[in-house]
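The values are calculated or read from the model by the stated rules, or taken from the named source; none is laboratory data. Keep in mind the model is a prediction, meaning the values are calculated, not measured. FYI the Cβ positions are ideal-geometry reconstructions off the backbone, even for glycines, and counts take in every protein chain you see.
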Amino acid sequence: MLDNNFIDWEEKPELNITPLVDIMLVLLAILMVTTPAVIYKEEISLPQGSKSSKVSQDEKLEVRMDLDKKIYIKNDVYEYNTFPDSLNLLASRYDKNMSIYIRADKRLAYQDVIYLLKSIKEAGFHKVSLVTTN
């Protein structure tokens with residue numbers, strides 16, 4: 001005796017995603033058509049500059065250190081161990097906001113270059129950069 005109202009609980013429903021894919025493709029096509037038409041325009045008013053005046057170059061000072069740990073500032077040579085004291089005396093002659101560029105031999109140890117950088121920063125100079133070349 002079979003019951004006509006029998007429900008098969010073992011049956012698994014199938015999810016039909018074809019309509020979802022169709023809708024997504026239509027939305028993608030609409031997006032692709034309308035995107036090039038969207039134009040964003042920002043009004044920017046730039047300051048007027050003078051064509052006759054030139055930008056002044058900031059003062060800069062180059063500090064070099066060779067493999068023998070000799071430190072050169074312009075034509076003066078300083079010893080590695082006494083450099084912080086010498087630099088503190090020398091710093092009074094220069095503006096603390098001027099740019100300082102450090103060039104060091106690439107074979108020097110990292111801590112030697114950092115010692116030079118730290119000494120210059122402690123002397124009160126704010127704009128200190130390490131110069132690298134190829």
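Within the stretch 86-111, take every residue that is part of a loop (DSSP other than H, G, I, E, B) and under 24 Å from the mean Cα position of the chain (by Cα) and give me the one that is surrounded by the fewest Cβ atoms within 10 Å (Cβ to Cβ).
Per the criteria, the residue is Lys106.
Could you list, in sequence order, all residues of the stretch 118-134 that are buried (at least 17 other Cβ atoms within 10 Å of the Cβ) and not in a loop (DSSP other than H, G, I, E, B)?
Ser119, Ile120, Val128 - these are the residues of the stretch 118-134 that are buried (at least 17 other Cβ atoms within 10 Å of the Cβ) and not in a loop (DSSP other than H, G, I, E, B).
Can you pull out every residue in the stretch 54-107 that is farther than 19 Å from Gly124 by Cα and either touching a residue at least 60 places away in the same chain (Cβ under 8 Å) or aliphatic (A, V, I, L, M) (or both)?
Val55, Met65, Leu67, Val77, Ala104
Determine which single condition Ala29 fails, assuming it passes every other condition in (1) at pLDDT 85 or above; (2) over 30 Å from Ser129 (Cβ atoms); (3) loosely packed, with under 10 Cβ neighbours inside 10 Å.
Condition (3) is where Ala29 drops out.
Which residues, counting only those in the stretch 56-72, are touching a Ser or Thr at 6+ places or on another chain (Cβ under 9 Å) and either surrounded by 13 or more Cβ atoms within 10 Å (Cβ to Cβ) or basic (Lys, Arg) (or both)?
Lys60, Leu61, Ile71
(1) polar (S, T, N, Q); (2) at pLDDT below 85; (3) over 30 Å from Val128 (Cα atoms): which one isn't true of Asn16, the others all being true?
It is condition (2) that Asn16 fails.
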